[in-house]
Amino acid sequence: MAKSLNFRTTCAVAGFSLALVGSASAAEQMMFVSQGGAYQKAQTIAILDPSAKKLGITINQDSVPDAWPIMRSQVATGKPTWDVVDVATNFCLRGGEQGIVEKLDFSKIPNAAAMPAEYRSDWSVAYEFYSSVLGYNLKKFPDAASAPKSWADFWDVKKFPGRRSLRNHPLATLEAALMADGVAADKLYPLDVDRAFKKLEEIKPNITVWWTSGAQSAQLLNDGEVDMVMAWNGRISALTKEGAKVAYTYNQGILQSTSLCVLKGAPNLPTAIKFLNEAVDPVHQANLPLHIDYGPANPKAYDTKVISEARVKELPSAPENAKVQALMSYAWWTSPAGEAAEKRWLQFMQK
């Protein structure tokens, strides 16, 4: 990061000087791809810049909201231009199975090798965490006694009357349905798909909106169009910082991740592997939540004391918050059973 960042698309991270690129760094560079916006800007400050400086390399950047189709097409050409991609973990796993991403040698990525086994795979390493949580309107539920605290409460339309919204996607939604039906957070997988859809049929008549974007979920809650919603924690925390009368609970949240993977045939493979190790360095990881409401993927980030105690309490991957949530199994979602559940979702929504 330190040497320079070149952007091929507008990612809201403009203004980095190419003059900082020396001849040494120009010889060793790589292309990093993420999702743009405030997220990529935060990564640039917290992780990419420090990594580039430490390694003495140039990190060029691209951004795209949906990298998966481009990952496939680039590898199909035999001449990919991307090196490291920050993408939803399930795409890293599918990429590994389909020969689209490189198999990782963790002996060369010691920071990742020291992370929990469930945070990495043969093809990926977790990069940051966010949660699908139960959010609610404080005007409707003004105190702890009246507020919904679990998915069972969300499903209980008599005890907790009000308008509701769920995501129009099976990931996390099926997990929430099963927890509403009494399945423990650590006993979810393999998902009982029949049981989950049966529970969803029960709540379906009470869902006012099936949201399709994070911005929409936040807007619904902020505008009072719904009284409770499944939403990503960062979306609701952003509202609270703006003074909105909303809140959320991490209890029974679904802890999800984006991961880093390396494109098959990456043009700068050795540099990409060195960067992977730096990207999950505990101090770099601890810097990320100083700039955006995502939690570090490397648990050792919480030992660095870089993150204040007050801030730790707000983060989805903080130990006290993680232990009351379900950790999403991307391995299950990329299995034949998971893919079948995604297809079944389309049928469920069309009824």
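Quick look at the numbers
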quantity	calculated
Whichever residue in the stretch 326-339 is of a type outside the set (Ser, Thr, Tyr) and touching a Phe, Trp or Tyr at 6+ places or on another chain (Cβ under 6 Å) and, among such residues, is most open to solvent (accessible area, probe 1.4 Å)	Trp332
Some residue of the stretch 204-224 being more than 30 Å from Pro336 (Cα to Cα), assigned to a loop (DSSP other than H, G, I, E, B) and either modelled with pLDDT of 95 or more or out of contact with any helix residue (DSSP H, G or I) (no Cβ under 9 Å at 6 or more places or on another chain) (or both)	yes
One residue from Ile254, Ile236 being of a type in the set (A, V, I, L, M, F, W, C) and either in contact with a Phe, Trp or Tyr (Cβ under 8 Å, 6 or more places away or on another chain) or surrounded by fewer than 21 Cβ atoms within 10 Å (Cβ to Cβ) (or both)	Ile236
Restricting the stretch 37-73 to residues that are polar (S, T, N, Q) and over 11 Å from Phe275 (Cα atoms), the residue that is surrounded by the fewest Cβ atoms within 10 Å (Cβ to Cβ)	Ser73
The stretch 196-207 residues that are open to solvent by less than 40 Å² (accessible area, probe 1.4 Å), paired with ones that are assigned to a helix (DSSP H, G or I) and of a type in the set (D, E, K, R) (beta carbon under 9 Å, 6 or more apart)	Ala196/Glu175; Phe197/Arg344
Residues of the stretch 289-305 that turn out to be touching a residue at least 24 places away in the same chain (Cβ under 8 Å) and either buried (at least 16 other Cβ atoms within 10 Å of the Cβ) or charged (D, E, K, R) (or both), as a count	11
Matching option when the condition is outside any helix (DSSP H, G or I), at pLDDT 95 or above and closer than 21 Å to Pro50 by Cα, among Leu255, Leu260, Leu288, Leu276	Leu260
Single unsatisfied condition, Pro161 versus (1) over 20 Å from Ile203 (Cβ atoms); (2) loosely packed, with under 13 Cβ neighbours inside 10 Å	(1)
Residue ID - most open to solvent (accessible area, probe 1.4 Å), chosen from residues in the stretch 210-220 that are without any contact (Cβ under 8 Å) to a residue 60 or more places away in the chain, more than 18 Å from Lys139 (Cβ to Cβ) and of a type outside the set (Gly, Ala, Ser)	Thr212
Any chance Ile203 is of a type in the set (Val, Ile, Thr) and closer than 30 Å to Ile292 by Cα	no
Among residues of the stretch 103-140, those that are open to solvent by 10 Å² or more (accessible area, probe 1.4 Å) and outside any helix (DSSP H, G or I), counted	15
From Glu314, Glu342, residue being out of contact with any His (no Cβ under 6 Å at 6 or more places or on another chain), outside any helix (DSSP H, G or I) and surrounded by fewer than 22 Cβ atoms within 10 Å (Cβ to Cβ)	Glu314
Per-region count, the stretch 197-216, residues within 11 Å of Val157 (Cα to Cα) and of a type in the set (Val, Ile, Thr)	2
Pairs, first in contact (Cβ under 8 Å) with a residue 24 or more places away in the chain in the stretch 27-41, second aliphatic (A, V, I, L, M) and in a helix (DSSP H, G or I), C-beta under 7 Å, six or more apart	Met30/Ala272; Phe32/Leu48
Residue that is nearest to Arg94 (Cα to Cα), among those in the stretch 314-351 that are of a type in the set (D, E, K, R) and under 18 Å from the mean Cα position of the chain (by Cα)	Lys323
Residue under evaluation Ser237, criteria (1) within 30 Å of Lys103 (Cβ to Cβ); (2) of a type in the set (Ser, Thr, Tyr); (3) in contact with an Asp or Glu (Cβ under 6 Å, 6 or more places away or on another chain), criterion not met	(1)
Helices (runs of 4 or more DSSP H) contained in the stretch 36-93 and holding at least 3 residues under 20 Å from His291 (Cβ atoms)	37-43, 49-55
Residue match in the stretch 17-30 (condition: at pLDDT 95 or above and either in contact with a Pro (Cβ under 9 Å, 6 or more places away or on another chain) or open to solvent by 20 Å² or more (accessible area, probe 1.4 Å) (or both))	yes
Residue in the stretch 242-258 that is nearest to the chain's Cα centre (by Cα), counting only those that are farther than 13 Å from Ala231 by Cα and among the small types (Gly, Ala, Ser)	Ser257
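The values are calculated or read from the model by the stated rules, or taken from the named source; none is laboratory data. Fair warning: this is a prediction, and the values are worked out from it, not measured in the lab. Because the Cβ atoms are built from the backbone with ideal geometry, glycine has one as well, and the counts that use them run over all protein chains shown. Areas reflect the complete protein model, heavy atoms only, side chains present, ligands, DNA and RNA absent. Shrake-Rupley method; radii C 1.70, N 1.55, O 1.52, S 1.80 Å.
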